[in-house]
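The values are calculated or read from the model by the stated rules, or taken from the named source; none is laboratory data. This structure is a prediction, so every number in the text was calculated from the model and none was measured. For accessibility, only protein heavy atoms count, side chains too; no ligands or nucleic acids. Shrake-Rupley method; radii C 1.70, N 1.55, O 1.52, S 1.80 Å.
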Amino acid sequence: MSDGSDKRALMELRFPSDSKYLNMVYELARLMAESTGFEKTEAEKIALAVDEATTNVVQHAYGGEADHEIEIHFDPEGESLEIVIFHEGEPLDAMPVPDFDLDKLVAERRTGGLGLTIMRQMMDKVEHSKDGTGKNMCVMVRYKQRGRDEG
């Protein structure tokens with residue numbers, strides 16, 4: 001798994017921590033997933049996870065302040081797509097999240113507080129840590145064949 005310093009990703013994106021860029025991030029993540037071999041519905045799930053993670057950075061790590069930077073690396077690695085989101089805001093605690101019934105929550109129109117849960121359901125790995133320079137990072141991996149865990 002990348003620590004952010006060992007090699008360049010296939011695509012790197014830097015942008016201000018302004019929510020107006022979230023749609024662009026979603027679309028780029030979807031297109032990157034499709035271009036690396038994921039079916040459309042799977043690419044949309046990956047994009048949703050990236051959108052949730054980026055939204056968490058904008059809203060929680062930076063408290064909605066739009067004058068900070070977010071960096072995202074997209075790196076297809078054979079049978080997987082690794083996406084790493086870097087920021088220098090408040091760390092986002094990776095607390096245990098209970099399972100939930102997505103259909104029930106959609107029917108109840110519940111919103112908010114589901115970002116980590118959605119990310120963990122859509123991706124095969126979600127880890128929060130710091131890179132070698134002290135930046136916070138969220139590493140998400142999605143395998144083309146679900147259920148694989150290579151370490």
**segment 9-71 - percent of accessible surface contributed by carbon and sulfur, probe 1.4 Å** = 48
**Complete:** For segment 11-24, Karplus-derived ³J(HN,Hα) couplings (6.51, -1.76, 1.60; θ = phi - 60°; whole Hz; x for glycine and proline) come out as 9, 10, 10, 10, 7, x, 7, 10, 4, 5, 8, 5, 5, 4
**Cα gyration tensor, segment 16-95 - rounded (a/c under 1.5), prolate or oblate** = prolate
**Global geometry of segment 6-52, whether rounded, prolate or oblate, following the gyration tensor of its Cα atoms and the 1.5 cut on a/c** = oblate
